[in-house]
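Asks: Questions regarding the structure given below will be posed in turn.
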Amino acid sequence: MKHTRIAALAAISLAATLSLTACSGDGSGKDSSAKGDSTPSSAGSSSSSDGGSKPGGGSNSGDSTADNTKPDSGGQGTQAGTRPGSTNGAATTSNKVAFCKTEDLAIDATNAAPDKTSGRINITMINRGSATCSATGFAGVDIKDADHTSNPIERGPAQPRITILKPGDAAIFDLAYTIDTTGNSLSTPTNILVTPPNETHTVSLNWPAAAGQIKGAYTDVQVYPTHTTK
């Protein structure tokens, strides 16, 4: 009986030890689980932090791009591009010669027919002003008839030549037509109305008395551009 009790006590003691061991294992397992739970949480927090920093990095990148495309850079380029044009424009303007004014020109008309069939009237313009001027181009010309009508004269097939007049210099342009040798001309010109190139003021000149009669109508007369006498 004594051995039986001892065996029973030993069995109870062993069972108690095993129970305590089991309890201790459950506790360590819970701790381990808690630690494992904290690790993913920490990783998630880190990921969230990284995600928050990325927009900030994107913003910095955007600022860098803006620096590379600063409006100031384009503005400087535009200014640099306009400066030469502005300078050239000023130089061109300063080098231009003003057109001759009617009031500064002494204008006269003479007969210059080279033969009996080719009518030509030379109109001379002398610069009597104090400054150099340009008489380049076609003068406006109308011929006034004895019936008090006036007829505009068309331009001849010629290109204008540069005509610069210093004080005292002369420019010439001419009217060309065919002379009527029959004596039956329907035109009776009395005056030539001249408006210098690029001017609006007109002078009236007498039709040269020695000039031959015009064959056909005034529409058959042509005016040619100015040129210098030199």
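Asks: What's the exposure ranking of F138, F173, going from fewest to most Cβ atoms within 10 Å?
Replies: Working: F138 19, F173 26.
Starting with the residue having the fewest Cβ neighbours, the order is F138, F173.
Asks: In nm, to one decimal, how far is the V97 label point from the T195 one, both placed 7 Å along Cα→Cβ?
Replies: Here the answer is 2.3 nm between the modelled labels.
Asks: In nm, to one decimal, how far is the modelled label at D145 from the one at T228, with both set 7 Å along Cα→Cβ?
Replies: Taking the simple label geometry, D145 and T228 are separated by 4.0 nm.
Asks: Over 15 Å apart: what share of the alpha carbon pairs of segment 158-230 falls there, rounded to a whole percent?
Replies: Working: 1706 of 2628 pairs.
The proportion of pairs with Cα distances above 15 Å equals 65 percent.
Asks: Follow-up question, since we're still on this one. Could I get the Rg over Rh figure for segment 102-228? Both from C-alpha atoms, Rh via Kirkwood, rounded to two places.
Replies: Working: Rg = 14.4 Å, Rh = 14.8 Å.
Result: Rg/Rh = 0.97.
Asks: Another question, then. So how do 152-161, 122-131 stack up, highest first, on mean other-Cβ count within 10 Å? Don't skip to the answer; put the middle values down first.
Replies: Values: 152-161: 12.8, 122-131: 17.4.
In decreasing order of mean packing, 152-161, 122-131 become 122-131, 152-161.
Asks: Additional query: How charged is the neighbourhood of V221? Take every other residue with its Cβ under 15 Å from the Cβ of V221, and add Lys/Arg as +1 and Asp/Glu as -1. Intermediate values should be presented prior to the final figure.
Replies: Details: positive: R120, K144, R155, K215; negative: D142, D145, E154, D174, D180, D220.
Local net charge: -2.
Asks: Check G216: other-chain or 5+ apart residues with amide H under 5 Å from its amide H, H built from backbone geometry?
Replies: L186
Asks: A further question on this structure: Collect residues whose amide H, placed 1.01 Å from N in the peptide plane, falls under 5 Å from the amide H of G140; neighbours closer than 5 in sequence don't count.
Replies: Distant-sequence amide H within range of G140: T195.
Every number in this text was worked out from the coordinates using simple rules, so none of it is lab data. Keep in mind the model is a prediction, meaning the values are calculated, not measured. Neighbour counts run over all protein chains shown; Cβ positions are idealised from the backbone, glycine included.
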